[in-house]
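The values are calculated or read from the model by the stated rules, or taken from the named source; none is laboratory data. In this text, all values refer to a predicted model and were calculated from it rather than measured experimentally. Cβ: placed from backbone, ideal geometry, glycine included. Neighbour counts: every protein chain shown. Side chains are part of the model used for accessible areas, which takes the heavy atoms of the whole protein and leaves out ligands, DNA and RNA. Shrake-Rupley method; radii C 1.70, N 1.55, O 1.52, S 1.80 Å.
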Amino acid sequence: MKKITLLFLLVSSITFAQTDQKIYDIIDAVSADNIKSYVKTLTEFGTRNTFSDTISETRGIGAARRWIKGEFDNISNNCNNCLNVFYQKDLVTKEGNRRVPKDAYVVNVVAIQKGTKYPNKYIIMSGDIDSRASDTMDFTTDAPGANDNASGMAGTIEAARVLSKYQFESSIIYVGLSGEEQGLFGGAGLAKYAKDKDWEIIGILNNDMIGNITGVDGVIDNRAFRIFSEPVPANETDRQRNARRFYGGEVDGISRQLARYVHKTTKTYMPEMNPMMIYRLDRFGRGGHHRPFNDLGFAGIRIMEAHENYTQQHQDIRTENDIKYGDTFEHVNFPYAKKLTAVNAINLASLAWAPEAPKEVAIGGIVEPSAKLKWSKVDGAKGYKIYWRDTTSPTWDNSRYVESTEFTLEGIVIDNFFFGVAAVGENGHESVVVFPNKILR
């Protein structure tokens, strides 16, 4: 009997260690040629400054967003209308906004692929529609914005094309956000829209510059990319902040767990890639469209190239001292943009195929030679994975699969590790890890 039980546990462990062939199929389906075509089209609108022409069919942000909506509509037509495509907009006024030259609507293009089991749970992939010249207030000068951020927008369209071939338990949103260069207005508008609609946001994967491999420092790298994430939610309570002093969790907020999820999925299915988890909200003193979501308490990260070239960002097209300035089409590396698009697509799929994360995870074991965990049952979960790691490790390095909702890790001293729990579906896909949010006495 013991041998049978041991065999069952071994088979169960092996089952949930397997990878999903569909994830490899998704990677293979992402097309560098498609991304190249999308980027080329976006650069040909001349400028996509948020305050540029909205009437012309060939120039300005109005033409660009209508084209993006058309691409989402075409994808939806090819998947039996599986996407709900619409504009979401907010009025931004000149008063009180130093980067706003005139009152205008900031318009996002949204495409929602509804989930079959958790339709009100959403995982979001975003790119930015808008571009800018050296002067962000200049909305007439050519600003092709090839890498910043036609690359992210193109990746989002391509991910929608690939993933529209599948059905998922949770909903996926593909969105082009506007107003990023003027103050993250598009992200702020959509985040508020989500809050008002009571959407349950699993997280947002903000893609801002995913096509450059040659850094201004001379480094050429087509495999590394950065994942920026804040340590704890910006809206945490005083009680939660005080609890961290005694129980830990300074680097274990919901955005950091999302970053770890992307890191793990990438290393599992795309081991040739080098995901770099950056323990910072964004680049030093700078911002991106995941931040407005973070501000409202949603998980959100920024995915981008590892090596930037500042001569090709926020620059008028010109040549000075033999240096060519400008964010132009020829600087984008499309095989690399394909890789980062695939990184997004496989994480969107993994999260959307996974069960919900446990809402409550309790931990105990003070002055005991073991760690005790107990968590809320997740409807549809086959089992759960208990994760733990050294307190100085950036990743979840140890795990144990169980099919109960409580477990004691014998010989694992609670003082020396951090712990978390993820739900596992019948298909083997896991939720994001949940750090303990309650103490067992």
Pairs, first of a type outside the set (Phe, Trp, Tyr) in the range 73-96, second open to solvent by 100 Å² or more (accessible area, probe 1.4 Å), C-beta under 6 Å, six or more apart | LYS89/TYR105; LEU91/TYR105
From SER56, SER52, SER131, residue being farther than 25 Å from ALA349 by Cα, assigned to a loop (DSSP other than H, G, I, E, B) and under 24 Å from the mean Cα position of the chain (by Cα) | SER131
If you check every pair at least six apart or on different chains, which have Cβ atoms under 8 Å apart with a residue in the range 309-334 that is free of Cβ contacts under 8 Å to residues at least 40 places away in the same chain first and a residue that is open to solvent by less than 30 Å² (accessible area, probe 1.4 Å) and part of a loop (DSSP other than H, G, I, E, B) second?
-> ARG318/GLY326
So which residues in the range 78-93 are among the β-branched types (Val, Ile, Thr) and either open to solvent by 40 Å² or more (accessible area, probe 1.4 Å) or assigned to a loop (DSSP other than H, G, I, E, B) (or both)?
-> THR93
Among what's in the range 62-77 and is farther than 19 Å from ASN49 by Cα and under 23 Å from the mean Cα position of the chain (by Cα), pick the residue that is surrounded by the most Cβ atoms within 10 Å (Cβ to Cβ).
-> PHE72
Enumeration of residues in the range 283-308 that are open to solvent by less than 20 Å² (accessible area, probe 1.4 Å), among the charged types (D, E, K, R) and over 13 Å from the mean Cα position of the chain (by Cα) | GLU305, GLU308
Could you check, for the range 342-358, whether at least one of its residues is farther than 25 Å from ILE303 by Cα, open to solvent by 10 Å² or more (accessible area, probe 1.4 Å) and either touching a helix residue (DSSP H, G or I) at 6+ places or on another chain (Cβ under 9 Å) or charged (D, E, K, R) (or both)?
-> no
Given (1) part of a strand (DSSP E or B); (2) of a type outside the set (S, T, N, Q); (3) within 20 Å of ILE124 (Cα to Cα), where does MET276 come up short, assuming only one miss?
-> (3)
Helices (runs of 4 or more DSSP H) contained entirely in the range 174-247, each with at least 2 residues that are of a type in the set (A, V, I, L, M, F, W, C) and open to solvent by less than 20 Å² (accessible area, probe 1.4 Å) | 185-196
By my count, strands (runs of 3 or more DSSP E) wholly in the range 374-441 with at least 3 residues that are of a type outside the set (D, E, K, R) and open to solvent by 40 Å² or more (accessible area, probe 1.4 Å) are 398-402
Within the range 8-27, restricting attention to residues that are part of a loop (DSSP other than H, G, I, E, B), open to solvent by 60 Å² or more (accessible area, probe 1.4 Å) and not hydrophobic (A, V, I, L, M, F, W, C), which residue is modelled with the lowest pLDDT?
-> GLN18
Being out of contact with any Pro (no Cβ under 9 Å at 6 or more places or on another chain) and polar (S, T, N, Q) narrows it down to one of THR405, THR395, so name that one.
-> THR395
Is there a residue in the range 322-340 that is open to solvent by less than 20 Å² (accessible area, probe 1.4 Å), in a strand (DSSP E or B) and more than 18 Å from LYS40 (Cβ to Cβ)?
-> no
Could we say that ILE363 is open to solvent by less than 40 Å² (accessible area, probe 1.4 Å), out of contact with any Gly (no Cβ under 7 Å at 6 or more places or on another chain), of a type in the set (A, V, I, L, M) and outside any helix (DSSP H, G or I) here?
-> yes
Got a sec? Which of ASP252, ASP208 is under 26 Å from VAL106 (Cα atoms) and either of a type in the set (Gly, Ala, Ser) or touching a residue at least 12 places away in the same chain (Cβ under 8 Å) (or both)?
-> ASP208
